[in-house]
1. Once you've got the Cα coordinates, tell me which of 192/264; 127/267; 54/167; 21/139 are over 26 Å apart.
2. Can you put 194, 189, 30 in order, fewest other beta carbons within 10 Å first?
3. Let me see the pair-distance distribution of segment 69-204: every alpha carbon pair, 10 Å bin width, integer percents in order.
4. State the three equivalent ellipsoid semi-axes of the chain, derived from the C-alpha gyration tensor as the square roots of 5 times its eigenvalues, in descending order and whole Å.
5. May I ask you to compute the full-extension gain from residue 37 to residue 62, defined as 0.36 nm times their residue separation minus their alpha-carbon distance, rounded to one decimal in nm?
6. Taking only C-alpha pairs under 8 Å that are 6+ residues apart, what is the relative contact order of segment 4-138 in percent?
7. Please report how far the C-alpha centroid of segment 167-212 lies from that of segment 31-67, rounded to the nearest whole angstrom.
Amino acid sequence: MPELPEVETIARRIAPHLLTKKLQKIVVLHQKCVRGSTTLVESACVTKVLRRAKLLLIHFDNGNSLLIHLKMTGQVLYQDEKMRLGGGHPTADWIADLPSKHTRAILEFSGNSRVFFNDMRLFGWIKVVSKLQLQQELKVFAPDVISPEISSEYFFGKLQQTRRPIKIVVMDQSVAAGVGNIYANDALHLSKLHPARLANSLSRPESDAVLVALQEVIYLGIAHQGATIHSFRHIDGFAGTYQDITRVYGRDGKLCQTCRTKIKKIKLGGRGTYFCPTCQPSSKSRDTALEL
């Protein structure tokens, strides 16, 4: 699933090519994936392309906006007469003729440019919202994990309120927005905490270490333009390289880069969870979730 660094990368890639352009029409190819009235943004010009949490936001000069959530398999691909770029879930659609069989909507802009929203599994969506509706949509998200609003006090307070495993908590978008499975695994290895430790068992120094580690791996992910885990990961203009430097994610059976112990994989909250038994020991007590 595209996480904060991947969506941030898409926003940065396409923003220079969309700013000031007029959205002439939205062609809806699958109604499930497009919500709201497209007339709210058609004939309006793009003023900003941003990311908030794991959402891509396109703002227009009439005050209305498009929200795009990629979910598990979504893609946003910009194309004009000279180039194609974008990102999201890696599939052959990155380089195939567009629209493809997975194209769910086409945003037609001035200058003979288009943005294709592809989604193989139909979980992602585009939502057209007014300024007021945008505020309401964003209320469900906590501040971004890299926002100054996520202070040491705030984060520790959130952890003290729950007995869920720490890995589950750091992926909760109502606690700190933007963290998904890849970066949660690596941050907990960096902070030397077992992913199944109960959140409210962490001391203040441990909580601080997790927050610093989360921010570090997210910024590193942005610097590497996100992670691309599948077979199309070396295509210029689409792929990121964070997958080449993961600490534990996707490395089960391989040696920990810190201590040379074999990385283990378990299921936690239904998600593949990776850790080093030496660097991230389990307390074997009531402070650790029973899923171990």
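No value in this document is a laboratory result; all are computed from the given coordinates. It should be emphasised that the depicted structure is a prediction, and the values quoted were computed from it without experimental measurement. For neighbour counting, all protein chains shown are included, and Cβ atoms are generated from backbone atoms with ideal geometry for every residue, glycine included.
1. Working: 192/264 14 Å; 127/267 33 Å; 54/167 18 Å; 21/139 28 Å.
Going by Cα-Cα distance, 127/267; 21/139 fall outside the 26 Å limit.
2. Least to most surrounded, the residues fall as 30, 194, 189.
3. It works out to 11, 30, 26, 22, 10, 1, in whole percents.
4. Rounded to whole Å, the semi-axes are 36, 21, 15.
5. 7.6 nm
6. Taking the mean separation of contacting Cα pairs over the length of segment 4-138, I get 31 percent.
7. Here the answer is 32 Å between Cα centres.
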